[in-house]
Amino acid sequence: MDLGVATSGRLTREFSAVVIAGFGNEYCYVYSPSLALDLISDNRLVPLTRNNGSEPCPKALIPVANKPMIDYVLSWIEQAGVKGSCTSSRLILPSNTSSLLDVLLICPSIHRPMISHHVHSGLSTLHIDVQTYDESPESNTGTCTLLRHFASRISEDFILLPCDFIPPPSLSLSTILNKNRTESLSDGSVATVCWFAAPQPDKNSLVEDWGSIPPSVPIVWDDATETLLQVDTADDLDQNSEELELRMSLLSQYGYSLTYPRTKLSNRYQDSHVYVCRRSILDLLHEKKHFDSFREEFIPWLCKIQYQRTKREKYGHILNPITNVITQDVALKHSTLRAQKKVYSKSVLYQSNDADASSPFDPESTTDSSSLRVGLVLHPATAGFATRVNNIHSLLDINRRLLAETTYSLPTDSQSRSLIDPKAQISSDTMIGAFTQISERTTIKKSVIGKHCVIGKMARITGCVLLDHCVIEDGAKVDGCILGKNTKVGAKAELSRCVSQAGYEVGSGESFKNEKLDVSDWTAGGDDSEEDEEDDDDDGDEDEEESDDDDEGAAEDSD
Amino acid sequence: MAPKFNAGKENLLADEAEVLQAVILADSFNKRFRPLTTRKPRCLLPICNAPLLDWTFESLALAGVQEIFVICRSHPEQIKAKIAESRWSKTGSGIKIVPILTAKETFSPGDAMRDIYTRGLVTGDFVLVMGDLVSNIRIDEVVKVHKERRKTNKDAIMTMVVKESGANHRTRSRADSAVFGLDSETFECLHYEPVMGYPPSTVASIPREILSAHPDIEIRNDFIDCAIDICSVEVPSLFQDNFDYLDIRRDFVHGVLTSDLLMKNIYCYVAKEGYAARVQDTKSYESISKDILSRWTFPLVPDNNHPAGHLYEHRRGNKYIDKDGTVILARTSTVGSKCLIGSSTKVSDNAQIISSVVGQNCIIGEGAIINNSYIFNGTTVGPGCVIERSIIGFDVNIKENTRIDKGSLVGDGVIIGPNAHLEAFGRLSKKRGIDTVDDEDEDEEDDYADSEEEEVEAAQGTITVNLGSGSNAMLWPQSAPDEDENDENVENAKNQRFMRLGDSASDLAFSDAGSESSDEESESSDDDSDFDKRLELPTSSSTSLDLPDGSSTDGIAESEFRNEVRLSLERAFTEGHSVDNAAVELKTLRMASNVSLSRVREAVVSAIVERIQIIDGGGIPQRQEIAHVISRWGPLINKIGGVDPVETIAALQTHCASSKRLLLFGQILAALYQDDVVEESDIRKWHQSLLSQGLGLSPGVRTDNIRKCWEIGSRMIQQFDERDSSEDDSEEDGGDAGNNTDGNEQDENEGEDEDDSEDVEDSSGED
């Protein structure tokens, strides 16, 4: 308690959270016609994030299982207690809580009213400061640029989060924070990142027209110390598309205390975009002004600092890790649990340091002893499903998975309940939002229906995600679709595996398959002969799928 | 022990009554132990007083091997004799040992494997080891695993045994290690990348395609490769099919893993327990000796299961003294910890033996100090001698007050001293003339060794070292880096230093770190564009050591290339090839030696100029000669893969400036002009360039000559100018000049067309 009092004056808050809620534009590298890799930003949730008339559709507010996706992140933060008053190690309430902002939410200025309204609507106990930047969906501002811009508002170590990470219950933010707390003090790690096992896409259920699955990124890490060592970037891929190059200085570094002779390489994992960083990272960002993307450019570069000597010497002082390594070294000399001091099995011998074989420079004197390493939390696939909702596939996937976990969540209040006709057949793995009206003899299976939807008679909805205010008229068949806000499906229309922009209207009797329905190409509906062929193929699949409807994956058994 | 294993084995292999075979490659195929191995195969060098081959037999016996083929190349008689007296070849040992003599032409393990194939030695899965193995790993477990795997996967042709250690383990060779890429679950070896101490590699390149089939890969740089391979019967035949495989790891493993056609798998067995290592160089000789003395190899330790059958008493501090009581240790002598002393050895007063191995029948004189050294049987060390970190062969006589510095190797039978001083890393062997008769029967097969010794002897003249009055020794020259040495080879001189006893090679290691930092500096200074870094890497990573090497090899390559061009053109000249054929030949040459186009041009121009014969008296015959040669061969200049007439003139100028044909410059240039090899505008351009005026060159005869050429050029340009001005009214002026100009202008146009078409051809050809 006394200790807490002594430090409370200086350390009122441990972390602040920075949530980036952009347009959903992702940096990605594509091969341009000239066969060179170009960094472009690509919005993979299009058309769901296109404007609904004049009204924007922020990505952060796209619901996942009827909850805007940003709520998942915010509640994750809340659970970890990133608040000045209740971080696990602080006992003293800061005197002026009101002036402290827990979460800095950065969004494009045109999204501000909606997002601000949503996050301040009383759901969360967090103090959220919504800041804006000017951006249009076409231009793209990278996270690094944003952080540089808002650096003055971040005065302590920070957690950088995306708005679209859906964390599994088994992975709590405190796990990541605790790892960062321990390691930054014990050996001077500068950042902690979290990668999760990327969902394995099911080839059969993929609809190619929805856009491609982002390619997996190979990473190299050390298992014993849980250190991220290398992230394969598109630059690397461009330079050597055949081989992945690992610096030998990483694998064997004569003269350094830290070597990683046994590393792991995998492309199973995906970056969660959750980064716990020291404040000094921001200073480093100011040094390296050309970095734009945090995930694609900065983190891979940051990994290199830990084993490349010149980088270390050059940037080590900027990172300036506050660490008590030296004092801890004495105390933990005999600790067997400390990761850095590797405990070798009995059969391993150290190289005998014979008198003339002493290394040419003394590691103690030339390098500071802090490791400057990037800690890594790996979330394996077996420990629960995690995903980032940054493309349509993952949006559908996470909705289906969340459905599988919940049971029969119809609205509970009687008023909303009364809107649902008792003669409607609603399977237990369906979620229905409040004030949604469902008419008689309609069948709904494995679907998420948003709020205020109106669903007519004899409609069939299977494996769909309907956002709020959708209207499905009588006798329409909707299968495996994601319908944006305010989508209208006319009577007896048939939709199969389509994605629609907000406000799209499907005329009665029309049918679409495997399409992205944009308001702009309203008239240019599938007149492609190739697509027709594909449609034929898919027809077969669907038939089979309909026949076995208790299997959640779509048409895996076509092979 | 062995029968017990056999019983176990038979139960294990009840369904397949197969004897477990092993093949020992008893030859090292390298010369790292010279001169200790000039008269003796490496596998008979003793380590801890037992020949390496016995340690290997012992290791295999532990694994329950029933049939061993020993492939011997050099000194097979000695190996045969050794096998005959080995306790494992006695009846009842349960092991059948068959020595196989292979041809002298077997220069690599790959050749040996091909020999195994042609002889049809192996019938099933077999254990392949090298003849310098010290191991206590239960190879039978590995064989079991291998056979299980073979039941499900017929393509799993080999299992390599690797020992987990640290990256900087003392027994792990820095000169010859490897990075393994293994599948995390199955331990299938997916990638093998050899790593050398020098030249240091900066990156390990893992092929991306393996990630698609194996998402989880472990990259291990901490394995000691024990060179124990469990091979299936296909392995020798694969060697036979791929006759270019030399090394088992670098060629065979790498080849199998990267081949799209073979579709075979190689697995690793990561031994976590046990000990296995190869005595592959003098450095590992030391570390393995120390490992044995420190009992890492238990149960194979000197006081128990000593492979040569000696009995040692294990004393406190890991001291081993022969048990038969014949060792005489003077009261005032000191024997430190981790020492081994063979029978009948006498250690005199005040002698000190520190962490060393002394053979049988040795005499250590008064006050001698033996520090971290290995002394074979029958050696006498005189009083007051100091021996540091060296290996001393059999029956060496080191006379009093001799000092032998670290890293030295002293061959069998050498006499050195008194009062001599052998510098660090010295290598001594006995002069051949003084050989005793007992070597005679081996003379024939020792041709190879002899020739090498001859070389050394020939070099004796240049070496003046005082090896003592009674010495019969000759000092081997330090292995100077050969000019044409291929750095890619494991046996390159600098890499050898990592294998040398007592050599930390810290200067090489340091230059590695330095180069690394320098390339990173460049990298970080220019915004980390990795591409630039890569471009700069070759220059910045060159150490101070190899800079002169690099430039000299460049020079050599270039002069070689010039020579080649000259020869090929001479051939073309004399045999009257067509210009096109000659051009093709030049292009091939250029690709082969990778030189820039301008070098080719220089070489061609100078060759053509030299082709012109100087005719005394000059005048018209000379002019005809020039015109003849240039009209015949001039077009070649523009067909070598690119057209740059300005450079042609410059090359002509520089060549003429340093040649006897200086006076012909003007005429040659004119002839080139006539033949449209160069144009007027080119001459003007050349004339304007600073270099052509000899500016910036140090004054000298050559510069003067260049200057002269330039003046000739100026005169020519004057003529052009005059002609241009008089062209309008030069109807009657007629004469040579006028005709020439007209003709030239037409020709010029045609020439341009031709050039263009040539360009197209060339570029397409290069693609």
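The values are calculated or read from the model by the stated rules, or taken from the named source; none is laboratory data. Not measured: the values here are computed from a predicted model. Note that we place each Cβ from the backbone using ideal geometry, even for glycine, and neighbour counts take in every protein chain shown. For accessibility, only protein heavy atoms count, side chains too; no ligands or nucleic acids. Shrake-Rupley method; radii C 1.70, N 1.55, O 1.52, S 1.80 Å.
Observations on the model:
- Shielding value for A:233-245 is 4, the average number of Cβ atoms from other chains within 10 Å of each residue's Cβ.
- Normalising the average separation of contacting C-alpha pairs (under 8 angstrom, six or more residues apart) by the number of residues puts the relative contact order of the range B:138-217 at 21 percent.
- Counting only lysines at least 8 places from B:Lys399 when in the same chain, those with an alpha carbon closer than 18 Å to its own are B:Lys346, B:Lys430, B:Lys431.
- Sequence-distant residues sharing a close amide H with A:Glu245 (under 5 Å, placed H): B:Ile206
- For the range B:604-715, with all protein chains in place and a probe radius of 1.4 Å, 55% of the accessible heavy-atom surface sits on carbon or sulfur.
- Between A and B, accessible area buried - total, square angstrom, nearest 100, 1.4 angstrom probe: 4900 Å²
- For the range B:83-180, GluC sites (Glu not before Pro) meeting the loop criterion (DSSP other than H, G, I, E, B) and having at most 12 other Cβ atoms within 10 Å: B:Glu105.
- Once backbone amide H atoms are built at 1.01 Å from N, B:Leu311 has B:Lys323 as its partners under 5 Å, excluding neighbours fewer than 5 places away on the same chain.
- As a calculated quantity, the FRET efficiency between B:Ser681 and B:Ser598 at R0 = 30 Å, using C-beta atoms, amounts to about 0.95.
- In sequence order, the range A:484-497 has phi-based couplings of x, 3, 6, 6, 10, 10, x, 4, 6, 6, 10, 10, 9, 6 Hz under the Karplus curve 6.51 cos²θ - 1.76 cosθ + 1.60, θ = phi - 60°, and Gly or Pro positions carry x.
- Taking 7 Å steps out from each Cα toward its Cβ at B:Glu722 and B:Ile615 produces label points 2.5 nm apart.
- Sequence-separation-based contact order of the range B:224-349, relative, with Cα cut under 8 Å and 6+ spacing, percent: 13 percent
- Burial here means at least 30 square angstrom less accessible surface with every protein chain in place than with the chain by itself, probed at 1.4 Å; in the range B:130-175 the buried residues are B:Glu164, B:Ala167, B:Asn168, B:His169, B:Arg170, B:Arg174.
- Residues of the range B:347-367 with amide N under 19 Å of a point placed 7 Å along Cα→Cβ from B:Ser294: B:354-358
- For the range A:379-439, the carbon plus sulfur part of the accessible surface works out to 52%, probe radius 1.4 Å.
- Residue separation of B:Ala330 and B:Asp155 scaled by 0.36 nm, minus their Cα-Cα distance, works out to 56.8 nm of gained length.
- Total charge dipole magnitude, the range B:251-390, about the Cα centre, Cβ charges on Lys, Arg, Asp, Glu only, Debye to nearest 20: 320 debye
- Cα gyration tensor, the range A:397-484 - rounded (a/c under 1.5), prolate or oblate: rounded
- For the range B:153-290, carbon and sulfur atoms together expose 53% of the accessible surface, with a 1.4 angstrom probe and every protein chain in place.
- The mean number of Cβ atoms from other chains found within 10 Å of a Cβ in peptide B:206-216 is 5, as a whole number.
- For the peptides B:177-184, B:21-28, B:57-64, the ranking by packing is B:21-28, B:57-64, B:177-184, with the highest mean count of neighbouring Cβ atoms within 10 Å listed first.
- Per residue solvent-accessible surface (Å²) - the range B:107-163, probe of 1.4 Å: 33 Å²
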